[in-house]
Amino acid sequence: MERNVVQWMAWLGLACAPVAHAEDPIDVDLLLRDDARLVRWVEGHSPAVKANGHRVAEAVARVGQASVLQNPQLGVDLANIPLGATNPEGLAFKELAVVRVGLSQTFELGKRGPRTDAAQARLEATRWRGKAVLLNEVTRARLALADVVAGELRRRAVEEALSVARGLVGRIEARIAEVRKKRTELEPAASKGRPPKRARRTTDPPVEDDATLTRAEAAAKDDAARAVALVLELEARLASLDGALATARSRCAIVLRAPCAGGGTAAALEQAAPIGTDAHDVRALVASRPDIEALRQDRVAAEQTATLVRRRLWPDPTVTVSYAHSRATIAGDQANTLLVGLSFPIPAIDYGQHDRVRWEQRTAALGAQVDAAIEDGRATARVLTEERSGLERVRERLERLLPKAAALRDAALGRSETSADVLSATRLVVTATLELADTRHRLFEVRNALRVVLGLDRPAKAEAPAAPPPAKLVKEPRD
């Protein structure tokens with residue numbers, strides 16, 4: 001009953017999952033082994049990766065907008081409106097009006113360059129963050145696939161042990177039936193008062209009297225009780241593992257946007273998330289990680305913004321060209337005139353003094369954040385590498401132990417009178433198999449985490465080439 005309820009709840013969760021079932025089921029083992037195929041799948045199905053494409057397009061538009069000149073200003077003036085008596089007296093407004101049309105343009109001095117460079121750096125940071133998003137999504141997908149494989153391995157181990165335990169219960173019940181049959185055959189002989197048999201020779205088989213058979217039946221019943229208890233224990237564990245496996249498949253379907261079929265080979269779990277021999281230069285790998293490259297570009301953008309703020313001290317001139325037409329020629333005005341003007345703002349009160357400090361401090365903070373991220377990555381990689389070595393040693397020991405435990409169980413199965421040995425050996429095989437599955441799963445998680453720390457997952461398809469940034473955007477700015 002408990003097993004059915006757990007399975008029903010797990011499958012209900014799978015049915016309610018918002019997954020596009022139009023997709024064909026994916027092969028869990030195949031996708032877990034092939035990193036390039038997994039990256040391509042995530043690129044084509046992850047909403048987070050697709051959303052970053054829109055963010056990149058937004059950043060490209062910002063770069064274009066940063067280099068746009070300011071709009072010119074068109075001004076129209078109507079002047080020389082009389083208030084009171086005119087000079088000479090009696091003039092109408094149309095004889096005094098002055099109409100002026102002017103065009104003004106402000107020219108930025110030293111500001112478009114830093115503003116464009118800052119926008120370009122933010123564009124590069126967005127692209128690097130897109131690669132980091134892809135890396136995280138691939139890691140998440142790989143974990144979901146591995147949960148399915150590990151769950152299937154655990155379930156198969158318990159299912160195999162349950163089959164052995166049920167077979168043992170059947171053998172013990174057959175032995176009990178045989179003992180009862182022998183006791184039944186002894187009862188008529190005792191009731192008829194037959195004379196005692198001759199003394200048995202040493203070569204004769206042992207005589208089984210009623211007391212011996214009674215003890216044998218009691219021992220068999222004890223063995224049967226223990227075997228039934230093991231069966232019930234394994235059935236409960238199998239029900240729990242069935243529910244966990246169904247949940248893992250449901251989560252995998254949600255993450256990968258398609259039903260997850262198959263899974264259950266230890267080789268797939270062993271071959272997943274390989275580190276390779278090119279991961280020896282930890283510092284270089286960590287320093288080139290997408291999220292750290294994004295931080296570097298953020299630092300460049302902050303430095304360029306600080307330069308832009310400092311250049312507020314450079315006043316931006318405004319050039320004005322105006323044409324004026326005067327109707328007051330009777331008063332001595334020139335009918336048509338041209339006005340050329342030049343004006344400058346005075347940066348005496350607000351010249352970005354506080355914004356400059358803010359962006360300089362942000363630049364320093366981002367530089368320190370880059371250094372801290374690199375050191376943290378190196379330390380994490382060292383810890384994960386040590387844990388990986390320890391887990392590999394544990395896995396090797398369990399792989400040597402498991403065949404011995406299986407051989408011990410098979411040998412005990414060959415001796416029908418040693419049911420207790422079979423039960424102990426079966427428990428040992430189950431424990432060793434589950435421990436080996438857990439160790440392989442944990443070893444995979446460590447390798448997967450190490451790939452994240454080292455940034456080993458890269459996009460499978462090439463991106464559109466971006467406009468080459470200025471030379472100062474490539475190198476880190478000097479303090």
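Summary of values
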read-out	value
Peptides ranked, highest mean first, by Cβ atoms within 10 Å: ranges 165-176, 352-363	165-176, 352-363
Peptides ranked, highest mean first, by Cβ atoms within 10 Å: ranges 229-242, 380-393	229-242, 380-393
Local net charge near THR126, Cβ-Cβ under 11 Å (Lys/Arg +1, Asp/Glu -1)	+3
Förster radius 45 Å - calculated FRET efficiency between PHE344 and ILE81 (Cβ-Cβ, nearest 0.05)	0.90
Gyration tensor (alpha-carbon) shape descriptor, the stretch 21-116, a/c threshold 1.5	prolate
Rounded if a/c under 1.5, otherwise prolate or oblate - the stretch 223-307, Cα gyration tensor axes	prolate
The stretch 418-452 and the stretch 224-296: distance between their alpha carbon centers, rounded to Å	14 Å
Residue pairs, from the table LYS50/LYS111; LYS111/LYS131; LYS181/LYS221, whose Cα atoms sit over 22 Å apart	LYS50/LYS111; LYS111/LYS131
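Readers should treat all values here as calculations from the given coordinates under stated rules, not as data from a laboratory. Values in this document were obtained by computation on a predicted structure and should not be read as measured data. Please note: Cβ atoms are built from the backbone with ideal geometry, for glycine as well, and neighbour counts cover all protein chains shown.
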